[in-house]
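Note sheet for the following structure.
The values are calculated or read from the model by the stated rules, or taken from the named source; none is laboratory data. It should be emphasised that the depicted structure is a prediction, and the values quoted were computed from it without experimental measurement. FYI the Cβ positions are ideal-geometry reconstructions off the backbone, even for glycines, and counts take in every protein chain you see. SASA here: full protein model, heavy atoms, side chains in, ligands and nucleic acids out. Shrake-Rupley method; radii C 1.70, N 1.55, O 1.52, S 1.80 Å.
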Amino acid sequence: METMVFLEEPPQPTELPNEDFMTNPSLAMDACFTAFDKDGDDRLSLNEFTLICRALFRNDKGHIYVVPSDRLEQMFAVFDKNEDGYIDREEFQFCWNQWIKTIVRPISAFLIVDVQNDFISGSLNISNCSAQQNGLEVIEPINKLLDTVDFDAVFYSLDWHPSDHVSFIDNIKQRPIHPTSPLNADNAQVYDTVIFAGPPPMKQRLWPRHCVQDSWGSELHKDLKVLEHGVKVYKGTNPEVDSYSVFWDNKKLSDTTLCGQLRLKGSTDIYVCGLAYDVCVGATAIDALSAGYRTILIDDCCRGVDLNDIESTKQTVISSNGVIVSSREVKAMVEGRDRRPELGYKLAMELKNSESDLSKNNACRRQSQHQQQQQQQPSQ
């Protein structure tokens, strides 16, 4: 897990202005700009932007996270639209609305992946895999998060396979094997990878029959807390294509309902956990990052199949500007009191691409906040 580094407290001002973002958004933005425009020239230099980052990127104890100088420069360049070396008030409006407000008040979705009977005590019990991890152990910390953290949305994914699914080893003779496959239907074993003929040729890891639709094995574990407003997302329903990620099938032929629902809710941050760490959880986290979401993997709420693959999953998430945390850190992050620079950098880089899901979700977020603001105003 990544180690965070802290700086000592910088000179004042160290905090963002206290004006309420919702009731006085223009006043708050102007106050922030003025507070950090140290030389009063009505524009922000890189050094002044650095002070904003020192105020933004800190944990709930007030300690400041280090932001490498090259990343500060890259983030600054996103908001210096005219490339004159400064952020003027017009450019800061974009910085404020699209970046700072998301960092301070994220919209967080909790995505609980495949906590189903078959992965815990059924046909694909992960404790029988090489890592020998107990899937039951994720339930207590997940339930605690559901009890104590006010997520904006909660999703439960379920593997939901038809009985003739391509991943089941006992179905291997139902489809022709490609001549380049290292194994054939007679000598392939569980967890091996074969190449089906297609077309097109398709690599497929073979699993025991699991999570067959409407079976006991496909049900969420009875001890997992299922919120009334939680949304179930079903994947792996196409018999010809496996689907590890909750976003897409493995061939990116079709998506699930998750993308649209996240966009509708204006989600900015996705907290991912469940089973199995190095298979469906990892694939989901990587797809979330690829779609542009600020992605947080909750380490102690995951269990996996292979230790080397678990480590590889962690490294991929970190190298893609996601973060890996323990469940005890989640509440402060959801509430905007623990603000990680990796996630701020991720957001800034996504803002360069107006077509990313996160940019589109920010538009939904602003519209929703405007509607809430109007509803809160007293009638005349």
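Quick notes on this structure:
- Cβ-based net charge around residue 74, under 14 Å, with every Lys or Arg adding one and every Asp or Glu removing one: -3
- Among 117, 128, 187, residue whose mean-square fluctuation peaks in a GNM of the chain (springs only between Cα atoms under 10 Å): 187
- Nitroxide proxy distance, nm - points 7 Å out along Cα→Cβ at residue 253 and residue 38: 5.8
- Residue among 116, 93, 174 with the largest mean-square fluctuation in a Gaussian network model of the chain, springs linking Cα atoms under 10 Å: 174
- Label-to-label distance for residue 147 and residue 228 is 1.9 nm, based on points extended 7 Å past Cα in the beta-carbon direction.
- Distance from the C-alpha centroid of segment 207-228 to that of segment 251-320: 20 Å, rounded to the whole angstrom.
- Space enclosed by the convex hull of the alpha-carbon atoms of the chain, per residue, Å³: 160
- Radius 14 Å from Cβ of residue 250, net charge of other residues (Lys, Arg +1; Asp, Glu -1): -1
- Per-q log10 I(q)/I(0), segment 267-325, q = 0.14, 0.20, 0.29 Å⁻¹ (Debye; single scatterer per alpha-carbon; no solvent): -0.29, -0.60, -1.26
- If R0 is taken as 25 Å, the Cβ-Cβ distance between residue 70 and residue 290 corresponds to a FRET efficiency of 0.65.
- Trypsin sites (Lys or Arg not before Pro) restricted to DSSP loop in segment 35-120 with at most 15 other C-beta within 10 Å: 38, 61, 81
- Our Cα-only numbers for segment 207-283 put the radius of gyration and Dmax at 13.4, 38 Å.
- Residue-span extension gain [residue 219 to residue 77] - 0.36 nm each, minus C-alpha spacing: 46.3 nm
- Farthest toward positive dipole pole in segment 169-262 [+1 Lys/Arg, -1 Asp/Glu at C-beta], among 199, 262, 213: 199
- Seen against the Cα atoms of the chain and their longest principal axis, helix 69-79 is set at about 80 degrees.
- Rounded to 5, percent antiparallel among DSSP beta bridges of the chain: 30
- Summed side-chain charge close to residue 163 - residues other than residue 163 whose Cβ falls under 11 Å, Lys, Arg +1, Asp, Glu -1: -2
- Remark: segment 228-300 carries 34 Å² of accessible area per residue (probe radius 1.4 Å; ligands, DNA and RNA excluded).
- Kirkwood radius and radius of gyration were both taken over the C-alpha atoms of segment 67-164, and their ratio Rg/Rh is 1.24.
- Of all accessible heavy-atom area on the chain, the percent that carbon and sulfur account for (1.4 Å): 47
- Nearest 10 degrees, 0 to 90: helix 307-319 Cα axis against the chain principal axis: 30
- 26 Å tail of the calculated P(r), segment 125-241, as % of Cα pairs: 36
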